[in-house]
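**Q** Dumping the structure here so I can ask a few things about it.
The values are calculated or read from the model by the stated rules, or taken from the named source; none is laboratory data. All values derive from a computational prediction rather than experimental measurement. Note that each Cβ is placed from the backbone with ideal geometry, even for glycine, and that neighbours are counted across all protein chains shown. The area values use the complete protein model at the heavy-atom level, side chains included, leaving out ligands, DNA and RNA. Shrake-Rupley method; radii C 1.70, N 1.55, O 1.52, S 1.80 Å.
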Amino acid sequence: MTAYRVEVRVMPRAALLDPQGQAVEHALHALGFNGVARVRVGKHLVLDLDAPSGDAAAAQVRIMCDRLLANPVTEDFDVAVRTT
């Protein structure tokens, strides 16, 4: 087994409303940052895990995302794997 660090970026689907992103955008405008547009708020997760290969680590984390870390109906996710 090899130790891997896996980073997961979970974002609301582009076609769906992002109320958190809109709230942040409005707050930034109120602070004078008027050039800001289309703010999206998501999650960034970092996991350390042991797996036989990078592909196996990525596959395991994709299952975690499907079952717990991301809402498959409203969110998309990206997985990046590196050796620790």
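**Q** Report, by residue number, each residue of the stretch 25-34 that is part of a helix (DSSP H, G or I) and open to solvent by less than 60 Å² (accessible area, probe 1.4 Å).
**A** Those that are part of a helix (DSSP H, G or I) and open to solvent by less than 60 Å² (accessible area, probe 1.4 Å): E25, A27, L28.
**Q** Does R40 qualify as being in contact (Cβ under 8 Å) with a residue 24 or more places away in the chain, among the basic types (K, R), under 21 Å from P12 (Cβ atoms) and outside any helix (DSSP H, G or I)?
**A** Numbers: in contact (Cβ under 8 Å) with a residue 24 or more places away in the chain: yes; among the basic types (K, R): yes; under 21 Å from P12 (Cβ atoms): yes; outside any helix (DSSP H, G or I): yes.
Taking the combined requirement at face value, the residue satisfies it.
**Q** Moving on to the next point. Could you list, in sequence order, all residues of the stretch 6-24 that are in contact (Cβ under 8 Å) with a residue 24 or more places away in the chain, open to solvent by 80 Å² or more (accessible area, probe 1.4 Å) and not in a loop (DSSP other than H, G, I, E, B)?
**A** R9
**Q** Using the structure shown, decide if V61 is open to solvent by less than 70 Å² (accessible area, probe 1.4 Å), in contact with a strand residue (DSSP E or B) (Cβ under 7 Å, 6 or more places away or on another chain), hydrophobic (A, V, I, L, M, F, W, C) and assigned to a helix (DSSP H, G or I). Working first, answer last.
**A** Numbers: open to solvent by less than 70 Å² (accessible area, probe 1.4 Å): yes; in contact with a strand residue (DSSP E or B) (Cβ under 7 Å, 6 or more places away or on another chain): yes; hydrophobic (A, V, I, L, M, F, W, C): yes; assigned to a helix (DSSP H, G or I): yes.
Judged against the criteria, V61 is a match.
**Q** Right, here's the next one. Filter the stretch 38-56 down to the residues that are open to solvent by less than 70 Å² (accessible area, probe 1.4 Å) and farther than 28 Å from M1 by Cα and list them by number.
**A** Going through the stretch 38-56, the residues open to solvent by less than 70 Å² (accessible area, probe 1.4 Å) turn out to be 39, 41-42, 45, 47, 49, 51, 53-54, 56.
Across the stretch 38-56, the qualifying residues are V39, V41, G42.
**Q** Restricting to the stretch 64-84, what's the tally of residues that are over 13 Å from T2 (Cα atoms), out of contact with any Leu (no Cβ under 8 Å at 6 or more places or on another chain) and assigned to a strand (DSSP E or B)?
**A** 5
**Q** Please determine, by comparing only the residues of the stretch 64-84 that are open to solvent by 50 Å² or more (accessible area, probe 1.4 Å) and charged (D, E, K, R), which one is farthest from A15 (Cα to Cα).
**A** Out of the qualifying residues, it is R82.
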